Amino acid sequence: MMNQLRRTFLRSTGAAGTVAVAIAAGLLRPGQVLAAEWNKVAFDATTTADAMKGLNVAGAAESKDILIKAPDIAENGAVVPVEVTSKIPGTTSIMIFVDKNQNPLIAEFEFSNGAEGFVSTRIKMASTSHVKVVVKAGGKAYTATKEVKVTIGGCGG
Amino acid sequence: MAEGMKIRATLQGDVADVKALMNHIMETGLRKDANTGKLIPAHFINHVVATLNGKTVLEAQWGAAVAKNPFLGFRVKGAKAGDKIVINAVDNHGEKMSGESAIV
């Protein structure tokens with residue numbers, strides 16, 4: 001019955017119109033529609049605030065349940081290990097930003113089917129900066145930061 | 001894209017600890033060629049999808065600031081020894097790479 005209705009509905013409208021209508025009706029969240037598409041707006045943003053807007057996580061609340069493991073001093077900004085653990089129940093995604101990079105958004109990770117709120121990677125940092133992490137859990141956004149000093153030249157002076 | 005993704009997945013209790021190393025230049029597009037003075041075009045992995053026995057467990061979007069030869073570590077609860085982890089990656093040129101490993 002439902003499927004029959006849906007089919008009639010789909011036939012009666014243009015494809016683009018259908019998606020817009022479905023979004024308006026709350027049948028589809030925009031995130032689902034764009035899931036496969038690279039978030040160019042957020043990755044091209046030149047400030048962390050704009051990148052966060054592009055990811056719909058502006059206004060994330062500070063949380064002590066996000067642990068950022070990164071060196072206090074990184075001698076080589078080209079390879080800075082960063083490990084993020086979210087202890088917030090129901091964590092669905094982790095985003096990493098470096099405030100002082102030309103494009104602050106580094107990466108976004110989405111978890112499903114038993115994947116834990118944890119990610120470990122290595123990032124590039126142009127200079128000493130705050131590394132900001134945003135976690136999405138239960139539809140809300142949380143954030144934490146850690147400063148990493150980058151020693152250019154690598155002598156560790 | 002150069003060949004090669006190495007994956008190691010080990011079981012700790014019922015949690016699979018997955019570590020992957022991908023062979024990729026991860027060119028930012030911000031560097032200049034020393035000889036010509038021209039910008040070297042960006043070339044980086046921007047999509048990564050990991051599955052456990054065919055089910056998606058991790059979907060990532062990356063920018064150019066993930067370090068060269070990217071390292072990715074993640075954990076999946078409810079895994080068993082012998083389960084299969086597959087990781088697929090695509091870069092901004094549409095070139096694909098993938099790797100797989102059984103959990104030990």
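Read-outs throughout are calculated quantities, based only on the coordinates presented, and are distinct from any laboratory measurement. All figures in this text were calculated on a predicted structure; none of them were measured in a lab. Neighbour counts run over all protein chains shown; Cβ positions are idealised from the backbone, glycine included.
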Within 10 Å of the Cβ of an average residue in B:48-58, the count of other chain Cβ atoms is 3
Using eta = 0.890 mPa s and T = 25 °C, Stokes-Einstein with Kirkwood Rh from Cα pairs puts D for the range B:5-102, in µm² s⁻¹, at 170 µm²/s
In nm, the gap between the two label points placed 7 Å beyond Cα toward Cβ at A:Asp65 and A:Val41 is 2.9 nm
Taking every residue of B:72-83, the Cβ atoms of other protein chains inside 10 Å of its Cβ average out to 4
Within the range A:53-122, DSSP-loop trypsin sites (Lys or Arg not before Pro) with at most 16 other C-beta atoms within 10 Å are A:Lys64, A:Lys87, A:Lys100
With the 8 Å Cα cutoff and a minimum separation of six or more residues, the range B:5-102 has a relative contact order in percent of 33 percent
Computed about the Cα centre, the charge dipole of the range A:46-98 from +1 Lys/Arg and -1 Asp/Glu charges at the Cβ has a magnitude in debye, to the nearest 20, of 180 debye
Simple SL model, points at 7 angstrom along Cα→Cβ for A:Ala78 and B:Leu30; separation in nm is 1.5 nm
About its Cα centre, the range B:5-102 carries a charge dipole, from +1 on Lys and Arg Cβ atoms and -1 on Asp and Glu Cβ atoms, whose size in debye to the nearest 20 is 160 debye
Per-residue average of other protein chain Cβ atoms inside 10 Å, peptide A:71-80 -> 1
